[in-house]
């Protein structure tokens with residue numbers, strides 16, 4: 001019998017790049033698949049989804065504030081009971097892949113896993129490595145979002161995956177970028193910006209170290225947008241190194257595009273990624289990019305350094321030199337940014353949302 005129901009599994013919705021893809025993909029799928037449910041504990045994001053999607057979540061927004069692992073556990077319980085009520089379903093998992101795959105296979109349900117970040121970041125622990133290597137084999141399809149990511153999976157786990165690039169809603173990004181920015185940007189300075197969660201993975205400390213090195217060499221301002229557990233460490237570094245006048249931390253916002261649009265250079269300092277949406281969004285706005293050559297995605301997006309500068313993760317000295325060079329070679333930067341913009345067709349909305357539907361429909 002053909003499976004008629006799609007269950008999207010995303011326990012913790014936090015507003016990052018994965019979530020943006022979830023919103024875009026689910027809005028497209030609801031046009032093609034009549035019965036779609038979303039299991040999550042993040043009830044406050046209900047308005048982000050099409051009303052045709054059945055939202056299965058604890059009604060009280062109190063649950064939004066609990067930790068991610070607890071959200072995983074609650075969402076798995078919800079999924080368990082949903083499957084018992086109706087086994088004629090396919091699960092599309094955006095988060096908690098190992099837990100969700102394990103449960104689905106016990107219950108005899110097909111599952112498509114979307115892996116969001118390079119295995120370099122989450123498989124260092126040997127026990128975790130074994131879990132991912134052997135449990136991932138039970139998933140029916142694994143989706144990754146870059147060709148480099150695909151190669152990593154094959155090399156590390158000997159697993160075949162399907163590569164589907166992140167679908168970009170260019171019109172929405174441009175439209176939201178035109179909304180007046182709530183912050184002032186000094187046009188006499190080089191305005192740097194970083195947008196991302198305040199976590200070890202995003203490694204904004206490396207960016208702050210680079211700014212410390214060059215603060216007396218060029219006139220600059222750095223804006224870091226996000227939230228997370230590393231916020232206090234970032235504030236401490238800024239204070240201890242007298243960067244208060246040069247660096248500002250801005251709380252997470254649903255619209256970082258007007259801030260990116262008001263800046264000159266976007267800097268990504270991550271230790272690992274999947275395919276960083278924020279680089280694509282910066283390219284839509286024709287901003288110059290300096291990024292770590294981390295696994296995976298930046299090298300692919302920046303065309304091996306032809307459409308932006310790349311540096312090794314944690315190499316703040318190299319980053320400092322690149323920022324200084326960029327501040328003095330604006331014409332060259334414009335050419336590189338335009339090249340990146342021209343190659344955004346790889347992330348076309350229609351092409352990649354259709355690939356998601358085709359992949360899901362092949363086993364639905």
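The values are calculated or read from the model by the stated rules, or taken from the named source; none is laboratory data. All values reported here derive from a predicted model rather than from experimental measurement. Quick reminder, even Gly has a Cβ in these numbers, built from the backbone with ideal geometry, and neighbours come from all protein chains shown.
Here residue 90 clears all of (1) surrounded by 14 or more Cβ atoms within 10 Å (Cβ to Cβ); (2) part of a helix (DSSP H, G or I) except the condition numbered (2).
Residue 193 meets each of the listed conditions (1) surrounded by fewer than 15 Cβ atoms within 10 Å (Cβ to Cβ); (2) at pLDDT 95 or above apart from (1). The residues of the stretch 5-35 that are over 19 Å from the mean Cα position of the chain (by Cα), buried (at least 20 other Cβ atoms within 10 Å of the Cβ) and in a strand (DSSP E or B), listed by number, are 6, 7.
Do you know which residues across the stretch 259-288 are under 24 Å from residue 152 (Cα atoms), outside any loop (DSSP other than H, G, I, E, B) and touching a strand residue (DSSP E or B) at 6+ places or on another chain (Cβ under 7 Å)?
Looking only at the stretch 259-288, we keep the residues that are under 24 Å from residue 152 (Cα atoms), and these are 268-280.
Filter again for outside any loop (DSSP other than H, G, I, E, B), leaving 268, 277-280.
Residues satisfying the conditions are 268, 278, 279, 280.
Against the conditions (1) not in a loop (DSSP other than H, G, I, E, B); (2) not assigned by TED's automatic domain parsing to the domain that holds residue 25, residue 314 satisfies every one except (1). Here residue 79 does not fit the description of being at pLDDT 95 or above and either within 20 Å of residue 162 (Cα to Cα) or in contact with a helix residue (DSSP H, G or I) (Cβ under 6 Å, 6 or more places away or on another chain) (or both).
Scanning the stretch 109-154 for residues that are in contact with a strand residue (DSSP E or B) (Cβ under 9 Å, 6 or more places away or on another chain), over 28 Å from residue 87 (Cβ atoms) and assigned to a helix (DSSP H, G or I) turns up 147, 149, 150, 152, 153.
Counting just the residues of the stretch 289-301 that are surrounded by fewer than 24 Cβ atoms within 10 Å (Cβ to Cβ) and in a loop (DSSP other than H, G, I, E, B), which one comes out modelled with the highest pLDDT? Within the stretch 289-301, the match that is modelled with the highest pLDDT is 293.
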